[in-house]
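Undergrad: Right, I'll just put the structure down here and ask away after.
The values are calculated or read from the model by the stated rules, or taken from the named source; none is laboratory data. Given the structure is predicted, the values throughout are model-derived calculations rather than measurements. Every residue, glycine as well, gets a Cβ built from its backbone with ideal geometry; the counts of neighbours run over all protein chains shown.
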């Protein structure tokens, strides 16, 4: 009986030694950079609503950005990244601002294949990503500089504004079918 217990303990120990390095490779590194974004809000916000991907966006006099849910159930925004307009979906399930490869390449951000050192769990499985920095990101009358982001090494049709962006706002909330961003 003791011999069987020792063999079982040895087997469990070997499994742990093998599984820990594998799980570490699959772990999702989360780069929290709260406070590293600096927000600048223009003094006179536009009162004119704009539409992005069938989403109505209004900037209030108090500087809040109100985004109506689109017919597909998502909150879409168009941001100016490094001087170029890009469409984003607000994704509270994403840890970071994430660019797809074609949009990153259009911005001149083409990570080498060995730069894809991070791993992330997505709805489509585990994917690799490369950390990058965006020189600037502007959204309505708000702008940020030197922003950490990632490029995903998998097919993705859109870009994501994840929690690393949302956590650097004063607050954000959902009211009925409206997302409210407060700088």
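Undergrad: Test of understanding: among 95, 62, which residue is surrounded by 18 or more Cβ atoms within 10 Å (Cβ to Cβ) and part of a loop (DSSP other than H, G, I, E, B)?
TA: 95
Undergrad: May I ask you to list the residues in the range 110-125 that are modelled with pLDDT under 95 and either crowded, with 16+ Cβ neighbours inside 10 Å or part of a strand (DSSP E or B) (or both)?
TA: Correct list: 120, 121, 122, 125.
Undergrad: Filter the range 98-109 for residues that are assigned to a loop (DSSP other than H, G, I, E, B) and without any contact (Cβ under 8 Å) to a residue 40 or more places away in the chain; which is nearest to residue 174 (Cα to Cα)?
TA: 107
Undergrad: Just one of the numbered conditions (1) surrounded by fewer than 18 Cβ atoms within 10 Å (Cβ to Cβ); (2) modelled with pLDDT of 95 or more; (3) within 17 Å of the chain's Cα centre (by Cα) is not true of residue 158; which one?
TA: (2)
Undergrad: Please enumerate the residues belonging to the range 120-135 that are free of Cβ contacts under 8 Å to residues at least 60 places away in the same chain and within 15 Å of the chain's Cα centre (by Cα).
TA: 122, 123, 127, 128, 129, 130, 132, 133, 134
Undergrad: Within the range 137-183, track down each residue that is touching a residue at least 60 places away in the same chain (Cβ under 8 Å) and in a loop (DSSP other than H, G, I, E, B).
TA: Of everything in the range 137-183, those that are touching a residue at least 60 places away in the same chain (Cβ under 8 Å) and in a loop (DSSP other than H, G, I, E, B) turn out to be 140, 141, 158, 162, 167, 168, 169, 177, 183.
Undergrad: Now for a different question. When the range 65-92 is examined, which residues are found to be surrounded by fewer than 19 Cβ atoms within 10 Å (Cβ to Cβ) and in a strand (DSSP E or B)?
TA: Those that are surrounded by fewer than 19 Cβ atoms within 10 Å (Cβ to Cβ) and in a strand (DSSP E or B): 66, 68, 78, 80, 84, 85, 87.
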